[in-house]
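The values are calculated or read from the model by the stated rules, or taken from the named source; none is laboratory data. None of the values given here were measured: they were computed from a predicted structure. So basically every Cβ, Gly included, is an ideal-geometry build from the backbone, and we count neighbours across all protein chains shown. Heavy atoms of the whole protein, side chains included, go into the accessibility calculation; ligands, DNA and RNA do not. Shrake-Rupley method; radii C 1.70, N 1.55, O 1.52, S 1.80 Å.
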Amino acid sequence: MAEHKAGFVNIIGNPNVGKSTLMNAFVGEKLSIITSKAQTTRHRILGIVNGDDFQMILSDTPGIIKPAYELQSSMMDFVKSAFEDADVLLYMVEIGEQALKDEQFFEKIKNSKIPVLLLLNKIDASTQEELEKQVQYWQEQLPTVEIHPISALNNFNVKGVFERILELLPESPAFYPKDQLTDKPERFFVNETIREKILLFYKKEIPYSVEIETEEFFEEPEIIRMRAVIMVERDSQKGIIIGHKGSALKRVGVEARKDLEKFFGKQVHLELYVKVNKNWRSDARQLKRFGYNQKK
């Protein structure tokens, strides 16, 4: 029997450093939504890469922040859990960054007993001199970690990092069936696709006040019929989401449907509704219902 490797590779870092872009590049599928706004990722999302003699289970986590309300505290719980079950930790920073937004997490990385790869991302936006300074800075800050300059967006050195992770994975049988791509159900990706469009098309607080719930998902031979509810915290937000004569909501539906048809590989019929769910971000019971606060 040839040896088989398997393990959990968890990606952490500040918001917007490119964690989701990297995971999608490794997996070869768009599992995590990507926008220029902070806190795009709210959950911990697994992406599974399978080979004949390995299974790499990648975990994208929310960007590290100081929590301001209950939802953000739950998001940071997902980050804490990423330290607990990792076989390899990927600490992602971008050029010009100096530290994590939470000192406790930084100390955990310093004292980690598992291999840590520091991925210096977005090097395409820097000069060689700046890159060398950054590498030296991080070598001084974290002398025990390996530093790998990359550009996740341009796929520079992504393959090299992937091969290094494979070397570090322990011998183990697969944890998931070899044809499985993620641990999340189909409805989760419907919710996330719609939420991505809201992050892209709306400003200020609106995207952060929204949660999506897919209430119906019926797969027929030629088409998937879906109905999803966009939940907001206030009546005024409901009006903004819908827009003049429903134009804004229609745009979200059209763009989300295009992406969902690519993801599922068949025609999609998507119905969208908007409901007010007052202060859901601070309501522990509601958060649990939406898949947050798993530890409580």
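Amide H contacts for V268 (H built 1.01 Å from N in the peptide plane; partners 5 or more residues away or on another chain; cut-off under 5 Å): I224. With N as its number of residues, the range 138-186 has a Cα radius of gyration that, divided by 2.2 N^0.38 Å, comes to 1.58. In straight Cα distance, which aspartates and glutamates are under 15 Å from K288, not counting same-chain residues fewer than 8 positions off? Output for K288: E70, D77, E211, E213. Between Q98 and E167, the modelled labels are 3.3 nm apart [label points 7 Å from Cα along Cα→Cβ].
Using a cut-off of 30 Å between Cα atoms, the listed pairs K178/K203; K204/K278; K250/K278; K159/K203; K204/K245; K110/K133 include K178/K203; K159/K203 as exceeding that distance.
Taking all protein chains together and a 1.4 Å probe, the residues R257, R225, R234 rank R234, R225, R257 from largest to smallest accessible area.
For V274, the residues whose amide H sits under 5 Å from its own are I230, ignoring neighbours fewer than 5 places away on the same chain, with H placed 1.01 Å from N. Across all directions, the average flat footprint of the convex hull enclosing the Cα atoms of the range 141-276 is 12.8 nm². Taking R0 as 22 Å, what's the FRET efficiency between K203 and E261 from their Cβ-Cβ distance, rounded to 0.05? Taking R0 as 22 Å, the efficiency between K203 and E261 is 0.20.
Take F156: with every protein chain present and a 1.4 Å probe, its accessible area is about 110 Å². Taking a ≥ b ≥ c as the square roots of the eigenvalues of the alpha carbon gyration tensor, the range 234-282 is oblate, as a/c is not under 1.5 and a/b does not beat b/c.
Enter the Cα centre distance for the pair the range 90-147 and the range 256-279, rounded to the nearest angstrom. Here the answer is 38 Å between Cα centres.
The residue list F218, L168, V229 was ranked by how far each Cα lies along the charge dipole of the range 162-296 toward its positive end, using unit charges on Cβ atoms, and V229 comes out on top.
Close amide H pairs (under 5 Å, H built 1.01 Å from N) link I150 with L120, N121, K122, I123, residues at least 5 positions away or on another chain.
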